Amino acid sequence: MSKSEKISFEGSSGEMLAGTVDVPEGPVRGWGVFSHGLTLGKDSPAASRICKGLADQGVGMLRFDNLGLGGSGGEWSAGSFSVKVADTVLAAEFMRAQGREVSLLVGHSFGGAAVLAAARSVPGLDAVVTVGAPFEPKHVEHMFDAEIGTILNEGSAVVDLGGRRMEVRRHFVEDVEAADLRDCIRTLHKPLLVMHSPTDNTVGIDNASEIFRTARHPRSFISLEGSEHLLTGKGQAARVARIIAAWAEQYLDAV
């Protein structure tokens with residue numbers, strides 16, 4: 001069984017971000033950073049179960065709450081896709097400062113898009129994994145498309161994001177609409193594993209196809225048959241962790 005360490009580090013906005021490092025009990029095969037979905041947090045089932053599962057397989061993982069979520073400071077509405085990407089890079093820098101060089105990035109949903117964008121700024125990285133990720137960050141707009149006009153005209157609106165009432169500001173919409181991952185994916189120059197459920201009703205499987213088609217080799221695709229987007233079903237996240245650990249074994253340098 002792995003053990004968990006509570007940590008914090010300064011994010012790109014100057015606020016302190018709360019994190020957990022899931023540390024393997026036995027030999028460490030590598031260290032990684034996990035980026036969670038839009039409003040999910042580090043303790044969401046996908047984040048906690050995947051990271052604990054990887055730690056049990058010898059891959060230590062840092063998962064952290066994005067701005068304004070969970071134990072992190074600041075307001076979620078002050079964040080953006082660009083902030084999420086920058087904070088993912090800072091999370092890797094925090095780990096490196098602890099003597100834990102990050103060799104793996106794993107991102108779920110919106111976090112999958114973030115790790116694709118962050119990868120080029122993480123030195124020493126060996127591999128990248130996306131789970132249920134959108135090809136375009138602006139895909140999240142489908143969750144509040146009826147309010148986009150209000151957000152752009154009035155500056156903000158309170159919307160329902162997965163059952164949570166959250167304020168979305170104009171800069172968030174403008175930021176995701178400007179984000180383009182094509183070049184990030186095409187020039188990744190790292191092994192990429194794309195994981196997606198064919199029955200994902202939140203982020204359709206066509207997103208995985210676009211990511212995979214845009215990527216260069218070495219690239220791999222795993223169909224998460226029977227899983228739903230949030231990976232809350234019994235054994236779903238643990239299965240993802242086992243697959244990632246097996247796939248990454250050839251790329252991670254033991255530390």
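Structural remarks
- Verdict on residue 217 being assigned to a loop (DSSP other than H, G, I, E, B), open to solvent by less than 70 Å² (accessible area, probe 1.4 Å) and either of a type outside the set (Ser, Thr, Tyr) or closer than 18 Å to residue 106 by Cα (or both): no
- For beta carbons closer than 8 Å, sequence separation of 6+ or different chains, a first residue in segment 209-236 that is under 21 Å from residue 184 (Cβ atoms) and of a type in the set (Asp, Glu) and a second that is surrounded by 15 or more Cβ atoms within 10 Å (Cβ to Cβ) and modelled with pLDDT of 95 or more, the qualifying pairs are 210/135.
- Scanning segment 110-137 for residues that are among the hydrophobic types (A, V, I, L, M, F, W, C), over 14 Å from residue 183 (Cα atoms) and outside any helix (DSSP H, G or I) yields 122, 125, 127, 128, 129, 131, 133.
- Residue check, residue 134 touching a helix residue (DSSP H, G or I) at 6+ places or on another chain (Cβ under 9 Å) and open to solvent by less than 40 Å² (accessible area, probe 1.4 Å): yes
- Here segment 178-204 is the region considered, the condition is being open to solvent by less than 60 Å² (accessible area, probe 1.4 Å) and without any contact (Cβ under 8 Å) to a residue 60 or more places away in the chain, and the residue that is farthest from the chain's Cα centre (by Cα) is 198.
- First in segment 42-60 and of a type in the set (Ser, Thr, Tyr), second anywhere and outside any helix (DSSP H, G or I) and open to solvent by 20 Å² or more (accessible area, probe 1.4 Å), Cβ under 6 Å, 6 or more apart: none
- Residue among 140, 168 that alone is surrounded by 13 or more Cβ atoms within 10 Å (Cβ to Cβ) and either assigned to a helix (DSSP H, G or I) or out of contact with any strand residue (DSSP E or B) (no Cβ under 7 Å at 6 or more places or on another chain) (or both): 140
- Considering segment 22-81, the residues that are among the β-branched types (Val, Ile, Thr) and surrounded by fewer than 24 Cβ atoms within 10 Å (Cβ to Cβ) include one that is nearest to the chain's Cα centre (by Cα), namely 39.
The values are calculated or read from the model by the stated rules, or taken from the named source; none is laboratory data. Keep in mind it's a predicted model, so treat the numbers as computed, not measured. For neighbour counting, all protein chains shown are included, and Cβ atoms are generated from backbone atoms with ideal geometry for every residue, glycine included. When the accessible area is computed, the model is the full protein with side chains, heavy atoms only, and any ligands, DNA or RNA have been set aside. Shrake-Rupley method; radii C 1.70, N 1.55, O 1.52, S 1.80 Å.
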